[in-house]
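Below you'll find the structure, written out as structure tokens, and then a few comments.
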Amino acid sequence: MKARKLLIGIAALGLATTLAACSGGRGGAGTEAEPGSNDGALVGIAMPTQSSERWIDDGNNVVSQLEELGYETDLQYANDDIPTQVSQIENMIAQGAKALIVASIDGTTLTDVLESAASQGIPVIAYDRLINGTENVDYYASFDNFRVGVQQGTSLLTGLGVLDAEGNETGEAGPYNVELFAGSNDDNNATFFWDGAMSVLEPYLEDGTLVVPSGQTEFEQASILRWLPENAQDRMENLVTAGGGAQLDGVLSAADVLSVGIIAGLNSSGQYNADNFPIVTGQDADLGAVKSILAGEQYSTIFKDTRELATVAVEMVDALLNGEEPETNNDTDYDNGEKVVPAFLLDPVVVTADNITEVLVDSGYYTEDELQ
Ligand code: GAL
């Protein structure tokens, strides 16, 4: 990241010097990328929902980083409603946005509005979630989503004691009862998380170390539409009832928002206490989830630093608006049906009670006080 910033900084230094000569441009060249002629340019940021903490952090981080570079911003949340998101993006275009950063609700529903953006030369960055079925998405800023799933599957096995902290088999053969919860089937990430997790879990399902009492081992059966905690809770309660009192040892949960519903469902069954609570995974290091890990309910989460993701997206926008090519590190894996979208993928990190301080507090993501 530092090297990328430096490169952009150096490129911007030349541009800023030229512009300063003719327009009295902003000083401070060499500290951060200079927006030059884009000073005051509007960037539209479309986020899916405020119901998960991570998107609130994402929105705030993108706005503050763009504003530091002199851009104006229009940040909108769509309450997980697809027509709302479409009309918010239409408004951004109508207001003269020079670039768009979009975390889609349903990755396939933005074709028309992005056609309109493209016809006006407005570049589009897909933020965290790939936008599918359109040529008119220029770059993709995300995390290594398959790896997120691998980490989730691995931490389920670690929590159960099948693997040790180094990822080596302990010889524990179970059988362990687990249920599987996947993300929304209209979110491109959800299949990446699932495929990553199943790449780790499948051998243990095949040899009987893991047993799924419901038999629901297909993505479509495990998927929770719109990632809604209430849908996860309903499914968990149904699975507990159908299980007729059989104890679960673990639950693969694709995100913290699902874990909230899963844990509520487990608790409402009255079958679990601190001694037999199942291993529940997650993703996003939402504050509530981190507290739940500290309280001994949720077992793990995956930390995806939204500050870094915001930086990637902001640098992409800034490069494009300065006529430069954004840096990418994956130009093969994210085919949206119309093209392979060049991506920059960040590394996710597994968090359990053992490394919360090291990963989340020492990095300044949360303060000790927030975790109380
Ligand atoms: C995914 C995202 C996850 C999680 C989930 C639910 O697209 O990658 O980090 O937030 O949506 O919001």
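The values are calculated or read from the model by the stated rules, or taken from the named source; none is laboratory data. None of the values given here were measured: they were computed from a predicted structure. Every residue, glycine among them, receives a Cβ derived from its backbone with ideal geometry; neighbour counts consider all protein chains shown. Areas reflect the complete protein model, heavy atoms only, side chains present, ligands, DNA and RNA absent. Shrake-Rupley method; radii C 1.70, N 1.55, O 1.52, S 1.80 Å.
Calculated from DSSP H runs of 4 or more alone, at -39500 (n - 2.57) each and per residue, what is the 222 nm mean residue ellipticity of the chain, nearest 500?
One gets -13000 deg cm²/dmol as the mean residue ellipticity at 222 nm.
So if I take the alpha carbon set of the chain, get Rg, then get Rh from the Kirkwood formula, what is the Rg over Rh ratio?
A ratio of 1.01.
Protein chains only, probe 1.4 Å: how do Arg235, Arg147, Arg226 rank by accessible area, largest first?
Largest accessible area first, the list is Arg147, Arg226, Arg235.
Cβ under 9 Å from Trp227's Cβ, Trp227 left aside: what net charge do those residues give with Lys, Arg +1 and Asp, Glu -1?
Net of charged neighbours comes to -1.
Going by average Cβ density within 10 Å per residue, which order do the peptides 238-246, 84-92, 278-286, 347-355 take, highest to lowest?
Ranking, from highest mean packing down: 278-286, 84-92, 347-355, 238-246.
Once neighbouring chains are kept in place and the probe is 1.4 Å, which whole percent of the accessible area of segment 145-303 is contributed by carbon and sulfur?
49
What are the ³J(HN,Hα) couplings of segment 262-270, residue after residue, when phi is run through the Karplus curve with 6.51, -1.76, 1.60 and θ = phi - 60°? Round to Hz, x for glycine and proline.
Once θ is set to phi - 60°, the couplings for segment 262-270 become 4, 5, 4, x, 5, 5, 5, 6, x Hz.
Pairs of alpha-carbon atoms within less than 8 angstrom and 6+ residues apart define the contacts here; what relative contact order does segment 120-193 have, in percent?
28
I need the peptides 264-273, 116-125 ranked by packing, meaning the mean over residues of other C-beta atoms within 10 angstrom, with the highest value on top.
116-125, 264-273
Note down the relative contact order for segment 168-314 as a percent, whole number, built from C-alpha pairs under 8 angstrom at least six residues apart.
22
For the chain, what does the accessible surface come to per residue with a 1.4 Å probe? Please give it in Å².
41
Taking only the alpha carbons of segment 145-303, what extent do you get along each of the three principal axes, in Å, biggest first?
Computed over the Cα atoms, the extents are 36, 35, 31 Å.
Out of residues 5 or more away from Val212 or on other chains, whose amide H comes under 5 Å of its own, with H placed 1.01 Å from N in the peptide plane?
So Val212 has HN proximity to Val178.
For Lys339, Lys98, give me the order by solvent-accessible area with a 1.4 Å probe, most accessible first, ignoring ligands, DNA and RNA.
In descending accessible area the options line up as Lys98, Lys339.
Evaluate the relative contact order of the chain (contact order divided by residue number), counting alpha-carbon pairs under 8 angstrom at least 6 apart; express in whole percent.
Reported relative contact order: 16 percent.
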